[in-house]
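The values are calculated or read from the model by the stated rules, or taken from the named source; none is laboratory data. Just so it is clear, the structure is predicted and the values come from calculations on it, not from any experiment. Counting neighbours? That spans all protein chains shown, and the Cβs are built from the backbone with ideal geometry, glycine included.
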Amino acid sequence: MPEKMTAKKEKSKLFHVEKRFDMPLWQSILIRFGFIIVALFIGLLILTISYGVNPFDAIGSMFVGSFGTEKRIWDFLRDGVLLLGVGLALIPSFKMKFWNLGGNGQIIIGALVSVILMINLGGKYPDAVVLLIMIPSAILAGAVWAAIPAIFKALFNTNESLFTLMMNYVSVGLVNAFIMAKYPIGSHVIPRIDDAHFPSLYNGSLLIIIIIAVLLGGMVYYLKFSKHGYELSVVGESMNTARYVGINVKKVIIRTIIVSGALCGFIGCLLASGVDFTVTPETGNNMGFTAIMAVWLAKFNPIIAAGTSFFIVFITRGMTKVQSDNNIMNDATPNLIIGLIYFFIIGCEFFVEYKLLINKGGKEMKITEFIKSLFTSKVEKVKLPPEAEAAVEEEEVK
Amino acid sequence: MGNSWVLVALIDAISLAVIFLFGCIGETINEKAGNLNLGIPGVMCIGAAGGAVGALVYMKTIYQALPINIDEISFSFGNLVSYLLLMLFVIIFVAVFAGLSGLLFSFLTTSLKANQNVTGLALTTFGAGFADFIMGLIRTTENKPLFTVASKIIRFHLPYDEVAFGQTGTLLLGNGLFVYICFALAVVAFFVLNRTRIGLSIRAIGENPATADAAGINTDKYKYIATTIGCTIAGFGGFFYTMSHVGGTWENSATLQGLGWMVLALVIFTVWNPLLAIIGSIAFGFLLTLPYTIPGIGFVEMELLKIVPYVITILVLIFTSIIGKKNVLPPGSLGVNYFREER
Amino acid sequence: MEISDRVAILRKGQYIATVKTSETNENKLTEMMVGKKTTLNIDRTEPVNVQDRLLVEHLNLRNIDGTKVVNDVSFIARSGEILGIAGIAGSGQRELLEAIAGLKPGYKGDVIFNRPKKNLPVSFFHKTFREVVTMAKNGAFHYEDGTPVSFAGMSIKKIKELVNTEKVLFNEDEVYNLKNLNPRKIRELGVRLSFVPEDRLGMGLVGNMDLVDNMMLRSYRKGKGSKLNRKKPEALADEIVKELDVVTPSIHTPVRKLSGGNVQKVLVGREIASSPKVLMAAYPVRGLDINSSYLIYNLLNKEKEEGSAVIFVGEDLDVLLALCDRILVMCQGQVTGIVDARTTTKEEVGLLMTSTEKEEEVKENA
């Protein structure tokens, strides 16, 4: 047997990816925050290059956009809280790994049902009565809209992303059909309905804020302290484990998605009767999608979702203000910047979850060590007397 | 040949079908490799933007030197060169724009191991915003007519006798070069996916990446290849929408986004088969244009008819999942990222 | 030890030494593998008070492709005994246990849980006075010494006094057919059947949840109302960490962060916490370090001594022979033989593991 075996010269990889075991909370927050700042910086850079925007003015505008006047502050709070509301509706669904992309449709169907009731019953009956009928109806509508895809997912494992997505378009179509049926002549828009408004506390927004705050508390309880919440977590984390303990997975899926849709329907009712006083194909303003990003950023934690929702609203309102301040005729500005921020945050998750090691000269080391090694000069190996050399070697082997 | 409204609908349907088909071929390749790319609507928007930029560059440079008279197109050498250059510019720009977005998606999901659904949604948001932004930038009042001209050139078709063939002629020939490119691409895609080595590798990593990896297939490399090529092809769908279907105009990204979501449904509808995609795209195109072309249709009926394609998609979704037979099931590891160390 | 010429030892990713097999023994190797002197042995006790507890009759299970993965399996698991199941990987052992646990609905055959209960005191919590008197008339009750109870001629006061001082006893047989009941229904019947599955983090536990929430997996439904009660699971988690020496930063650490041996300790700890009457474990020491493995064996032994019927599917024949009382051997989904672990040999078991012909036929052809 040959004593020496010559190993083939192997091409070793330059980068090696390793999953991180743990990371202190402050570090992960710092990384995420850093990436957001970089994204904003690049976004402002793009604006500066294409439209000559002054970046410092822009940052100021962003704050003015949300906090400049009292009305702005209330609108900011209301928009943030509505986005949070949709997010709360979607969290149970996503925790169960059910990709409910149909938030928009569930909101719209709730709004549609509300508006139909507002038009037909409003003025004929006292507001309170109409509201009492309207709210459960909208909730039911949203629940049904979500239940249909959920049932097929539970029974036949039908792809829920596309099913819920298609339901969005169906709901928009129904709204259009209704508008055409009711208002065939003219601008094809339902004029502002004056009856059966949501009760208004101080101004239109305060009651909504309070309602969503209550919803937030309710969702925290539901997810962390209730038996339902526990079951849905188990189903979402590990379906095998759920079956192992005898949880009825089908029932849990359907039940959770119904909750999701019901809440969206409620938000639709809030929009129809408390904010827009009408319904359009754009009701909800695409919150069904934006909320997905908001809750994903919050790692599906309801309380953190409040923060991310307000953050997204802040950026959106801010960018809109920057755009109008600089007379940029380009309505796409907020979406572009937000999309950019999304990408950066998605990308930064990688650095939180995994460690990147560089292979230099056969030895793997962390990036920071690598950079350090570029700057330190090679230290000459000192010649030691043979006994000391042996002692050093023994130390190394141990 | 009479002016049957069916023919009119079909002509429009073919135009839509091309958009769908490009997108469908692209996303089929994506999904065969295991990537559920919810960013396809965004990619198509980015492709549209790319095409618009390419057309504008051409118009501002080559066209100045070699103008083509769009009303009286003659087969002169200069015109041919100009036409080919337009095609070249447009193809390169679309490929670069859409390809880069595919690369981005691939990078985020394959190398950075980000969740595919979220990345796709971000890509759609960004892509739509990007396209709106670029269009807003370049579609200045002075530039707008340039796009109309470029669009006419792109839609140039071989001449046929209007009197003798009328609408049928328009149907078969009237939509320009890209229609044929598109159909041919579908056949090529089918062939490559199902009969070549590279197609086998792609399908393998989509079904079971762990096994493919163990067999020595470089999963990362093929995911990158499949996604980038797939997104590039899909991008042409967006380009065709803006520079052909709507004749060089651009309102906002909403319509194209809507078509993009339907592409995702179409992939399932055609059970990941590019050949069936040809038929499926035409069918969807027809369904989509029907509400607008049935003579004497009432407003309400029109809106309700617009829902039909989506309902049919839902029915297809349900149907294929009930059957559950192997050849109509999605690729085994669709939507799941592969991380070797976790095996 | 049997086939190598030299042995290289690795510990925690580091190379320790290479020794000649002829110059070493198991104890020395174990010491190098673990890092300190350890005595590892299995104390097998004689089964006491053995009763038929779980009767599996003609269990047949097909998988999705239609092939029979469990083929006409019948056996009896007894209380106070460890029944080992041996077989080449993929002989149906795992599916057999999953079917018994209620995880494979639609199997054919019967799984009968039998637990005769003796000397239970009758109480007025469960039965009315009239019911008690009727049952006594029918001879249902007896005293501690065995003499039958008759209330004839007794005053109502005397009858009530006898019952309330738990002097009136009866026997009851708990017999249930577990066929096609899911795990929750099995628990609701009162049958304490625990199952330690092969897939720890993928089935037995939820990796992203902490120890407390994992303790709740079987018991979260207890209590009225919608609110979860985490007090008892917290106490259980503390107890398991203490008793089984689980290395973890806290009981609120997600279990996926624990090392393999500790994960298994948490899982096994939970499954035996409910004092199961039947405990099934599929490859419970796979991938574990040697200390944890022996701890698990000792836990199984303890359960056996407390009267559980233990079913143990294992890979290591030496362990099976040392730990179990009887060994059931499976091959290609069928039972090829049930042998006494104390008198059988590795050769006999090995032969059974690789043949589908019954024992007698093999002997005939030999």
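Of the numbered conditions (1) closer than 30 Å to residue A:27 by Cβ; (2) surrounded by fewer than 24 Cβ atoms within 10 Å (Cβ to Cβ); (3) within 14 Å of chain B (Cβ to nearest Cβ); (4) not aliphatic (A, V, I, L, M), residue A:339 satisfies every one except a single condition; which is it?
Here residue A:339 meets the rest and fails (2).
Could you list, ordered by first residue, the pairs with Cβ atoms under 9 Å in which the first is in the range C:167-191 and more than 14 Å from chain A (Cβ to nearest Cβ) and the second is assigned to a helix (DSSP H, G or I) and of a type in the set (Val, Ile, Thr), at least 6 apart or interchain?
Pairs that qualify, where the first residue is more than 14 Å from chain A (Cβ to nearest Cβ) and the partner is assigned to a helix (DSSP H, G or I) and of a type in the set (Val, Ile, Thr), are C:168/C:132; C:168/C:159; C:176/C:186.
Are any residues in the range C:130-166 touching a residue at least 40 places away in the same chain (Cβ under 8 Å) and in contact with a strand residue (DSSP E or B) (Cβ under 6 Å, 6 or more places away or on another chain), and if so, which ones?
The answer is C:166, and nothing else.
Taking the range C:204-235 as the region of interest, how many residues are basic (Lys, Arg) and either more than 25 Å from residue C:190 (Cβ to Cβ) or facing chain A (nearest Cβ under 7 Å) (or both)?
Qualifying residue count, the range C:204-235: 3.
Only residues that are in a loop (DSSP other than H, G, I, E, B), more than 23 Å from residue A:220 (Cα to Cα) and within 14 Å of another protein chain (Cβ to nearest Cβ): list them for the range C:236-262, please.
C:248, C:249, C:250, C:258, C:259 - these are the residues of the range C:236-262 that are in a loop (DSSP other than H, G, I, E, B), more than 23 Å from residue A:220 (Cα to Cα) and within 14 Å of another protein chain (Cβ to nearest Cβ).
Any residue at all in the range C:212-223 that's outside the structural domain of residue C:295 (by TED's automatic domain parsing) and of a type in the set (Asp, Glu)?
Scanning the range C:212-223, I find at least one residue that is outside the structural domain of residue C:295 (by TED's automatic domain parsing) and of a type in the set (Asp, Glu), so the answer is yes.
Being farther than 14 Å from residue A:344 by Cα and at the interface with chain A (Cβ under 8 Å from one of its Cβ atoms) is the filter here, so list the residues in the range B:112-123 that pass it.
The answer is B:117, and nothing else.
Only one of (1) crowded, with 17+ Cβ neighbours inside 10 Å; (2) touching a residue at least 40 places away in the same chain (Cβ under 8 Å); (3) more than 19 Å from residue B:34 (Cβ to Cβ) is not met by residue B:305, so which one is it?
(2)
Any idea which residue in the range C:209-227 is farthest from residue C:251 (Cα to Cα), counting only those that are in contact with a strand residue (DSSP E or B) (Cβ under 8 Å, 6 or more places away or on another chain) and at pLDDT 90 or above?
C:209
Please enumerate the residues belonging to the range C:235-247 that are over 23 Å from residue A:236 (Cβ atoms) and either at pLDDT 90 or above or under 22 Å from the mean Cα position of the chain (by Cα) (or both).
Matches in the range C:235-247: C:235, C:236, C:238, C:239, C:240, C:241, C:242, C:243, C:244, C:245, C:246.
Which residue out of A:196, A:89 is at pLDDT 95 or above and in contact with a Leu (Cβ under 7 Å, 6 or more places away or on another chain)?
A:89
Given the conditions (1) over 23 Å from the mean Cα position of the chain (by Cα); (2) within 19 Å of residue B:224 (Cβ to Cβ), which single one is not true for residue B:116?
Unmet for residue B:116, out of (1) over 23 Å from the mean Cα position of the chain (by Cα); (2) within 19 Å of residue B:224 (Cβ to Cβ): (1).
Of the residues C:299, C:320, which single one is surrounded by 20 or more Cβ atoms within 10 Å (Cβ to Cβ), in contact with a Lys or Arg (Cβ under 9 Å, 6 or more places away or on another chain) and in a helix (DSSP H, G or I)?
Exactly one residue qualifies, and that residue is C:299.
Out of everything in the range C:66-96 that is among the acidic types (Asp, Glu) and over 24 Å from residue C:347 (Cα atoms), what residue ends up being surrounded by the most Cβ atoms within 10 Å (Cβ to Cβ)?
Taking the candidates together, the pick is C:95.
Any idea which residue in the range A:19-64 is surrounded by the most Cβ atoms within 10 Å (Cβ to Cβ), counting only those that are assigned to a loop (DSSP other than H, G, I, E, B) and away from chain B (no Cβ under 14 Å)?
Looking at the filtered set, the residue picked out is A:54.
Conditions (1) modelled with pLDDT under 90; (2) more than 12 Å from every other protein chain (Cβ to nearest Cβ), marked per residue:
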site	(1), (2)
B:258	yes, no
B:276	no, yes
B:304	yes, no
B:314	yes, no
B:327	yes, yes
B:343	yes, yes
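Out of the residues in the range C:31-77 that are acidic (Asp, Glu) and modelled with pLDDT of 85 or more, which is farthest from residue C:11 (Cα to Cα)?
Looking at the filtered set, the residue picked out is C:57.
Please go through the range B:39-65 and pick out each residue that is part of a loop (DSSP other than H, G, I, E, B) and either surrounded by 18 or more Cβ atoms within 10 Å (Cβ to Cβ) or at pLDDT 95 or above (or both).
B:39
Pairs needed: first member in the range A:64-75, over 14 Å from residue A:324 (Cβ atoms); second member anywhere, of a type outside the set (A, V, I, L, M) and outside any helix (DSSP H, G or I); C-beta distance under 9 Å; at least 6 residues apart or different chains.
Once the first residue is over 14 Å from residue A:324 (Cβ atoms) and sits in the range A:64-75, its partners that are of a type outside the set (A, V, I, L, M) and outside any helix (DSSP H, G or I) give A:71/A:203; A:74/A:203.
Only one of these is more than 10 Å from the chain's Cα centre (by Cα), of a type outside the set (Gly, Ala, Ser) and within 14 Å of chain C (Cβ to nearest Cβ): A:258, A:267, A:303, A:247. Name it.
A:247
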